[in-house]
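Inspection log for the structure reproduced underneath, given as structure tokens.
The values are calculated or read from the model by the stated rules, or taken from the named source; none is laboratory data. Just so it is clear, the model here is predicted, and its values are computed rather than measured. Every residue, glycine as well, gets a Cβ built from its backbone with ideal geometry; the counts of neighbours run over all protein chains shown.
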């Protein structure tokens, strides 16, 4: 019996590009159980509202409206609503390759030991490229810099959740994504999930045939809060430090945490705008403190009562 596919699209603050993303997926010739739109947008424009309502009425999508925005929470709830054996998470601002869905399903069929499959992600200005990747670091930094525009399939220890398929049963058994990676950024939540997969004996496959082009639309999504470089807010670094505390140990963890604040102010932006260095550095210190609080509280996985 062939495996069934569900698609989950978490969305926030997107209108036309969200509809374009959904319309393209509806045109794919691969059979899909359902397209589940986990909508955290308070109010869409009239055209978007009409299209989503029409698709919902025609059973083309399952449109779920959420009151409290949370990337990880929306994705976890999407899996609970899904009925497929494989759940594919996609960003709401993408151009999908015609073979995207079939490639994900083929990868799971060919590699039953893959608990998750990460597809190729082409950011603006990137093109597919042959890369002989060898991670220069171990521990917390293993595969952190992996080039997701690569043309070579391989087992990896990182992920991009905007083009990630998982076995639904295994995802639920692991507790899904940790909802302590808080909105609006939730940085590194997919990396922490991958490390949890590996610690439980699973594997994660990178499959470039399952390709999307990420548009990185400036409004909505995680970019709804402006630039991270000119901000003293802890939200941009909190997830990275929390990841280090959750997955790291000893000197590896300490080095990772101490290295990040200085890396965050050694940028071209701060070279041109040095007056933003002190606020940014303060934001990193605030992020470390916030991450320690989250770590002491423990993870918030699916089924947790907290």
Exclusive hit being closer than 29 Å to residue 44 by Cβ and surrounded by 19 or more Cβ atoms within 10 Å (Cβ to Cβ), set 164, 205:
164
Residue hits (the stretch 266-284; closer than 18 Å to residue 234 by Cβ and surrounded by fewer than 14 Cβ atoms within 10 Å (Cβ to Cβ)) are 278
Restricting to the stretch 140-157, count the residues that are assigned to a loop (DSSP other than H, G, I, E, B), in contact (Cβ under 8 Å) with a residue 40 or more places away in the chain and touching a helix residue (DSSP H, G or I) at 6+ places or on another chain (Cβ under 9 Å).
4
Helices (runs of 4 or more DSSP H) wholly in the stretch 212-306 with at least 2 residues that are within 23 Å of residue 159 (Cα to Cα), over 23 Å from the mean Cα position of the chain (by Cα) and modelled with pLDDT of 95 or more - which ones?
250-265
Flag for residue 90 being surrounded by fewer than 20 Cβ atoms within 10 Å (Cβ to Cβ) and within 25 Å of residue 182 (Cβ to Cβ):
no
Name the residue that is farthest from residue 299 (Cα to Cα), counting only residues in the stretch 76-109 that are part of a helix (DSSP H, G or I) and out of contact with any strand residue (DSSP E or B) (no Cβ under 9 Å at 6 or more places or on another chain).
109
Conditions: (1) touching a helix residue (DSSP H, G or I) at 6+ places or on another chain (Cβ under 6 Å); (2) modelled with pLDDT of 95 or more; (3) within 20 Å of residue 69 (Cβ to Cβ). Residue 190 meets all but one. Number of the miss?
(1)
With out of contact with any helix residue (DSSP H, G or I) (no Cβ under 9 Å at 6 or more places or on another chain) and buried (at least 17 other Cβ atoms within 10 Å of the Cβ) as the only criterion, which of 81, 46, 107 stands out?
107
Given the condition over 19 Å from residue 162 (Cβ atoms) and at pLDDT 95 or above, answer yes or no: does some residue in the stretch 19-27 qualify?
no
Looking only at the stretch 49-68, and only at residues there that are assigned to a loop (DSSP other than H, G, I, E, B) and in contact with a strand residue (DSSP E or B) (Cβ under 9 Å, 6 or more places away or on another chain), the one that is surrounded by the fewest Cβ atoms within 10 Å (Cβ to Cβ):
59
Out of curiosity, is residue 99 more than 19 Å from the chain's Cα centre (by Cα), modelled with pLDDT under 95 and outside the structural domain of residue 233 (by TED's automatic domain parsing)?
no
Name the one entry in 274, 279, 261 that is touching a helix residue (DSSP H, G or I) at 6+ places or on another chain (Cβ under 8 Å) and not assigned by TED's automatic domain parsing to the domain that holds residue 150.
261
Against the condition under 20 Å from the mean Cα position of the chain (by Cα) and in a loop (DSSP other than H, G, I, E, B), how does residue 29 come out, does it pass?
no
Look at residue 40 and say whether it is within 25 Å of residue 299 (Cα to Cα) and free of Cβ contacts under 8 Å to residues at least 60 places away in the same chain.
yes
